[in-house]
1. Cβ-Cβ under 7 Å, sequence separation 6+ or interchain: first residue in the range 117-138 and buried (at least 21 other Cβ atoms within 10 Å of the Cβ), partner among the charged types (D, E, K, R). Which pairs?
2. Run down 333, 312, 337, 321 and say which single residue is touching a helix residue (DSSP H, G or I) at 6+ places or on another chain (Cβ under 6 Å), surrounded by 20 or more Cβ atoms within 10 Å (Cβ to Cβ) and under 24 Å from residue 172 (Cα atoms).
3. Among strands (runs of 3 or more DSSP E) lying entirely in the range 102-203, which contain 3 or more residues that are hydrophobic (A, V, I, L, M, F, W, C) and closer than 17 Å to residue 335 by Cβ?
4. Give the residues of the range 298-309 that are surrounded by fewer than 24 Cβ atoms within 10 Å (Cβ to Cβ) and free of Cβ contacts under 8 Å to residues at least 40 places away in the same chain, sorted by residue number.
5. Can you tell me how many residues in the range 252-272 are at pLDDT 95 or above, small (Gly, Ala, Ser) and surrounded by 14 or more Cβ atoms within 10 Å (Cβ to Cβ)?
6. Does any residue of the range 337-346 turn out to be among the β-branched types (Val, Ile, Thr), more than 27 Å from residue 82 (Cβ to Cβ) and in contact (Cβ under 8 Å) with a residue 24 or more places away in the chain?
7. Only residues that are within 19 Å of residue 353 (Cα to Cα) and open to solvent by less than 70 Å² (accessible area, probe 1.4 Å): list them for the range 151-162, please.
8. Can you say whether residue 347 is surrounded by fewer than 24 Cβ atoms within 10 Å (Cβ to Cβ), more than 17 Å from residue 172 (Cα to Cα), modelled with pLDDT under 95 and of a type in the set (D, E, K, R), as far as the supplied structure shows?
Amino acid sequence: MKKKLLGMLLATAMAVTALTGCGGKTPNPTTANKGSQDTNTTQSQTTANSEELGKIYLVSKGFQHQFWQAVLQGANEAAATYGVKIDFQGPDNESSYAQQVQMLNNAINNKPPAIGLAALDTESCLESIQTAMDAGIPIIGFDSGVPGAPEGAIVANASTDNYAAGELAGEETYKLIKDMIASATSPVRIGVMNQDSTSESITQRGSGFVDKIKSLIEADGKVVSVEGHDKWANKVDNADVILEVVVPASVSADLSAIDAQNLLNKADTICIYGSNQFSGEGLINGDANIGKLGKDVIGVAFDSGALIKTAVKEGKLAGAVTQDPLQIGYKTVELCVKAAKGEAVEDVDTGCQWYTAANMDDPKIAPNLYD
């Protein structure tokens, strides 16, 4: 009996040895399914990062312009890409400084890993910005950013180079009116409509336009006088061209339309530029009962939206400059994620383009022409 049992044990041992020699190794539980773990590593890390980072807050200038809806779309796309949650807020209108400050304070109180801020008025946000700095919360500026913020408070900006965008508008506009100015026998007027005189994005687009078109006109031997709002005024006697800058008393569609009507009703006006969606729409609405745009007066705008796009397509506006709002939203969230992780970040220019009825369907331009 003992011999039979010993024989059975010996046979079993030999069988195991044979299997091992043929490569029949027993799977190591620590390495089993290693391939599937590697495949899911990036996704798992993204999910973990999302849970670790927490919710990112973006405080915009509002929701009343379709521009901000496009920024929100880009922000949502980045949130999906990076696996993070965002809270996108904005005041009722771009004169609601106190409401925006309240939203910013709410964001800070939630102790987020980072905040995106497009300040309506930096001065009103200073105390809140200092609170965020004291709490170690990085702030990413977007759209017009946060000009004049304390040093180190804004770690990076995702925005259009608004001055350069205004210059682009000036260059393209001058091409349209150069011959009219050259052949004029009396002074002519170019209107510049700004939404306000405090927001950096708006003022820079106005300044870029005024400086560029002024330099181009003067290079052709003409005298230019900049008049209207004190921020830009540089009045010169016996001017060949008057650049008149107008700003409504408050951010009101009715007041902007009245500004447009006043410019359109001046006999020497040959061109009007609206420096953002609000001003461009004010120009179009102001012309509704006058009918000079596209006929007696050349209209140029900034941004997009259904009203401006239709006016360009129908020839009431000769063209417009568009930002890339999707990229503004996307890059803001991307920078927030990097800053929250302690990575080095720097300003990002999100770009701009000139569009007309001839090129607005171009694949490189059409995606930026939001409704």
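The values are calculated or read from the model by the stated rules, or taken from the named source; none is laboratory data. This is a predicted model, so every value here is computed, not measured. So basically every Cβ, Gly included, is an ideal-geometry build from the backbone, and we count neighbours across all protein chains shown. Remember, those area values only see protein heavy atoms, side chains included, never the ligands or the DNA or RNA. Shrake-Rupley method; radii C 1.70, N 1.55, O 1.52, S 1.80 Å.
1. Here the result reads 118/61; 118/143; 120/61; 120/94, each pair linking the range 117-138 to a residue that is among the charged types (D, E, K, R).
2. Working: 333 fails: under 24 Å from residue 172 (Cα atoms); 312 fails: touching a helix residue (DSSP H, G or I) at 6+ places or on another chain (Cβ under 6 Å); 337 fails: under 24 Å from residue 172 (Cα atoms).
Exactly one residue qualifies, and that residue is 321.
3. So the answer is 139-142, 154-159.
4. Correct list: 307 only.
5. 3
6. No, the conditions are met nowhere in the range 337-346.
7. So the first thing to find is which residues in the range 151-162 are within 19 Å of residue 353 (Cα to Cα), and the list is 158-162.
Passing the criteria: 158, 159, 160, 162.
8. On the way: surrounded by fewer than 24 Cβ atoms within 10 Å (Cβ to Cβ): yes; more than 17 Å from residue 172 (Cα to Cα): yes; modelled with pLDDT under 95: no; of a type in the set (D, E, K, R): yes.
Judged against the criteria, residue 347 is not a match.
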